[in-house]
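Each remark here refers to the structure printed beneath this line.
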Amino acid sequence: MNRIERMLRMAQAMQPELTALRRDFHSHAETGWLEMRTSAIIAQRLTALGYEVLTGRAVCAEEARMGVPPGDVLRAHAQAVLGQGTPEEALTGEMREGFTGVIGILRCGEGPTLALRFDIDALGMQECSDAAHRPAREGFASQNAGMMHACGHDGHAAIGLGVAKVLMEMREELHGTLKLLFQPGEEGARGARAMVAAGHLDDVDVFIGSHIAPDDGPDDGDVTPGTWGSLATTKYDVTFRGLAAHAGGYPEKGKNALVAAASAVLALHAIPRHSGGQSRVNVGTLHAGTGRNVIPDEARMQIEVRGETTEINDFMARSAVDICRGAAAMQGCECGIVTMGAAESQHSDEALIERIAGIVRRDLPQLRLSSILNAQNWGSEDISLMMNRVQAHGGQATYMRVMTPMASAQHTVRFDFDETVLGKSVAVFCAAALDVMK
């Protein structure tokens with residue numbers, strides 16, 4: 001039995017374990033910086049396998065984290081997960097402070113450094129409880145109110161642990177250093193920047209990430225070895241602060257934060273579109289006021305901008321900040337702006353795409369390559385920050401897609417997927433690792 005046959009046999013035999021892991025993570029969905037139970041389980045499993053394991057502040061640079069929940073939310077969640085089968089000995093004090101995410105390192109002597117990335121966070125959504133929804137019907141829907149794995153990151157976490165197990169079993173075939181990056185806070189583009197700032201991508205020669213994707217989308221195979229074009233983005237929380245006053249008796253004494261915010265909303269959507277490529281702006285939420293007879297003294301907005309390139313996004317971001325501050329000044333209000341997430345534009349290296357395509361053709365003939373090997377991506381993804389750091393240091397990076405049937409579109413309350421994609425993904429990652437580190 002050659003090494004590929006051995007790897008494939010292990011990946012196939014792991015399917016029940018991968019499914020159970022995925023369903024456990026799905027049942028205990030955790031949003032960005034709250035992935036405490038998830039991180040504790042990943043750290044415990046990697047340690048048991050024999051990996052060098054990094055957790056807490058060693059994973060994410062504190063000053064680079066964005067969109068971290070308030071302390072009372074962190075403390076309440078840490079307490080709640082102790083009753084959900086969390087291995088308490090693996091739930092470190094720093095994890096309880098929101099320093100989630102895990103890195104597993106396997107050192108196999110001289111050779112290249114390969115990094116594989118798996119995001120682990122859920123979305124802030126309430127999962128469907130209808131019996132037609134398989135997770136609800138079969139008892140693995142999310143137990144955490146307002147949190148749901150509606151994008152497949154529960155699957156990504158399980159895939160990462162499957163890859164960890166197979167490659168540890170095959171470590172005698174590897175030469176170099178393997179890094180398994182279990183990233184927190186991808187949703188909202190919050191977590192990758194902190195891992196990059198901690199230096200974990202600086203010595204990486206080859207970087208591979210992947211996302212499960214619908215089989216009824218533009219990809220016409222099982223594997224698309226590269227993607228490009230995800231939009232750069234910046235996400236802001238904006239607070240307008242004015243002065244309350246009686247709306248009937250003394251309106252001239254007030255400073256209307258709601259009017260400032262409303263002016264900003266209209267002006268934001270009037271930002272000129274950039275001639276260099278696609279651009280986006282959206283005001284997602286606006287909350288203000290306490291009553292019809294009170295001049296509102298505070299208004300809060302959540303906004304985002306995007307651009308086809310980092311430069312176009314920077315133009316949109318500068319315009320958005322100037323508009324918010326100008327709208328506040330017109331009403332005599334103050335304006336506070338906090339960056340809650342950010343990602344850059346992204347491209348996969350053609351040489352690495354061709355290499356992985358060759359690996360699939362040679363070693364995984366049971367999987368079909370998409371006819372377009374480098375497909376245009378959608379939305380925004382902070383994996384771009386990791387890829388760009390590796391590429392800036394002379395390394396190669398790619399962001400793959402592995403296709404599977406889905407019950408509903410991603411980011412919807414009925415999302416679910418065919419779990420056979422877990423074993424397929426483990427096989428793709430492991431075949432690539434065996435080639436890169438041969």
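The values are calculated or read from the model by the stated rules, or taken from the named source; none is laboratory data. Quantities reported herein were computed from a predicted structural model and do not represent experimental measurements. Positions of Cβ are generated from backbone atoms using ideal geometry, with glycine treated the same way; all protein chains shown enter the neighbour counts. The protein model used for the area step is the full one, side chains on, heavy atoms only, and it has no ligands, DNA or RNA in it. Shrake-Rupley method; radii C 1.70, N 1.55, O 1.52, S 1.80 Å.
Please find, within region 132-170, the residue that is surrounded by the most Cβ atoms within 10 Å (Cβ to Cβ) out of those that are in a helix (DSSP H, G or I) and acidic (Asp, Glu).
Filtering region 132-170 for residues that are in a helix (DSSP H, G or I) and acidic (Asp, Glu), the one surrounded by the most Cβ atoms within 10 Å (Cβ to Cβ) comes out as 154.
Is there any pair with a first residue in region 99-121 that is within 14 Å of residue 200 (Cβ to Cβ) and a second that is among the acidic types (Asp, Glu) and in a strand (DSSP E or B) whose Cβ atoms are under 7 Å apart and which are 6 or more apart or on different chains, and what are they?
105/52
So for region 38-56 (the condition being surrounded by fewer than 21 Cβ atoms within 10 Å (Cβ to Cβ), modelled with pLDDT under 95 and part of a helix (DSSP H, G or I)), does at least one residue qualify?
No, the conditions are met nowhere in region 38-56.
Hey, among the residues in region 171-191 that are hydrophobic (A, V, I, L, M, F, W, C) and part of a loop (DSSP other than H, G, I, E, B), which one's modelled with the lowest pLDDT?
189
Give the residue that is farthest from residue 183 (Cα to Cα), with candidates limited to residues of region 73-106 that are open to solvent by 50 Å² or more (accessible area, probe 1.4 Å) and of a type in the set (Gly, Ala, Ser).
If we take residues in region 73-106 being open to solvent by 50 Å² or more (accessible area, probe 1.4 Å) and of a type in the set (Gly, Ala, Ser), then 83 is farthest from residue 183 (Cα to Cα).
Can you find, within region 287-296, the residue that is nearest to the chain's Cα centre (by Cα) among those that are open to solvent by less than 70 Å² (accessible area, probe 1.4 Å) and in contact (Cβ under 8 Å) with a residue 12 or more places away in the chain?
Restricting to residues being open to solvent by less than 70 Å² (accessible area, probe 1.4 Å) and in contact (Cβ under 8 Å) with a residue 12 or more places away in the chain, the top hit is 288.
For residue 115, are the conditions met, namely being out of contact with any Cys (no Cβ under 6 Å at 6 or more places or on another chain), over 21 Å from residue 10 (Cβ atoms) and surrounded by 15 or more Cβ atoms within 10 Å (Cβ to Cβ)?
Judged against the criteria, residue 115 is a match.
Of all residues being within 19 Å of the chain's Cα centre (by Cα) and in a helix (DSSP H, G or I) in region 59-72, which is surrounded by the most Cβ atoms within 10 Å (Cβ to Cβ)? Just the residue, please.
64
For the structure I just gave you, tell me whether residue 407 is touching an Asp or Glu at 6+ places or on another chain (Cβ under 6 Å) and under 28 Å from residue 140 (Cα atoms).
Judged against the criteria, residue 407 is a match.
Checking residue 202 against (1) without any contact (Cβ under 8 Å) to a residue 60 or more places away in the chain; (2) assigned to a loop (DSSP other than H, G, I, E, B), only one condition comes out false. Which one?
(1)
Looking only at region 1-23, how many residues end up being open to solvent by 40 Å² or more (accessible area, probe 1.4 Å) and touching a residue at least 40 places away in the same chain (Cβ under 8 Å)?
Number of matching residues: 8.
For region 232-281, how many residues meet the condition of being assigned to a helix (DSSP H, G or I) and either modelled with pLDDT under 95 or open to solvent by less than 70 Å² (accessible area, probe 1.4 Å) (or both)?
12
Quick one: which strands (runs of 3 or more DSSP E) sit completely within region 326-420 and have at least 1 residues that are out of contact with any Pro (no Cβ under 7 Å at 6 or more places or on another chain) and open to solvent by less than 10 Å² (accessible area, probe 1.4 Å)?
Of the strands (runs of 3 or more DSSP E) lying wholly inside region 326-420, those with at least 1 residues that are out of contact with any Pro (no Cβ under 7 Å at 6 or more places or on another chain) and open to solvent by less than 10 Å² (accessible area, probe 1.4 Å) span 334-343, 396-404.
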